[in-house]
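S.K.: Okay, handing you the structure first.
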């Protein structure tokens, strides 16, 4: 690893540590400088987006999320986080159709990710797709709940999730 890569890794680790410690504004300043120096670095863009979200600067986070997803080199975990972050951020900004688009793509790419499916359900609700939203949440509940009473009725919940208008 050359000196520049070492510096990048050290600065990125410092910024993440600062964010985790609740020093998000310091992390933001460091990440903005790092992002300017390394505009094609997907991981730097992702961390920069994340810190903007932490600070409630959702509109400023969007271009960094988009840059991170266009780039290469994100780990699977970071890619999931970037898809979730961007979709959630679009939803918070009232860009519901775009949120559904991003989160649907995330669910296609990571079908077992319950968080992506949950945020997609919220975005679907915001677009007026109430049946699709409830269906997604019921399927997730049936598949993941450890509640004994939910598990007892799992097949019925799955059945009604497929057809919310069905009756006994």
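Bear in mind that the values in this text are calculations on the coordinates, not laboratory data. As the structure is a prediction and not an experimental result, all values here were calculated from the model. Here the Cβ is made from the backbone with ideal geometry for all residues, glycine too, and neighbour counts use every protein chain on show.
S.K.: Would you mind getting me the FRET efficiency between residue 146 and residue 21? Use the beta-carbon distance for r and R0 = 30 Å, nearest 0.05.
M.R.: The pair residue 146/residue 21 has a calculated efficiency of 0.40.
S.K.: Which angle from 0 to 90°, rounded to the nearest 10, does the C-alpha axis of helix 114-126 make with the longest principal axis of the chain?
M.R.: Once rounded, the angle reads 70 degrees.
S.K.: State the volume of the convex hull built on the alpha-carbon positions of region 1-60, expressed per residue in Å³ and rounded to an integer.
M.R.: It is 70 Å³ per residue.
S.K.: So what's the gap between the Cα centers of region 104-162 and region 19-56, to the nearest angstrom?
M.R.: Their Cα centres are 32 Å away from one another.
S.K.: Helix 3-20 against the longest principal axis of the chain: what's the angle in degrees, Cα atoms only, rounded to the nearest 10?
M.R.: For helix 3-20, the angle is close to 50 degrees.
S.K.: For the chain, find the longest principal axis of its Cα atoms and tell me its angle to the long axis of helix 42-54, 0 to 90°, nearest 10.
M.R.: Helix 42-54 sits roughly 70 degrees off the main axis of the chain.
S.K.: Further, regarding this structure: Apply the a/c threshold of 1.5 to the C-alpha gyration tensor of region 75-168 and tell me whether it is rounded, prolate or oblate.
M.R.: The shape class here is oblate.
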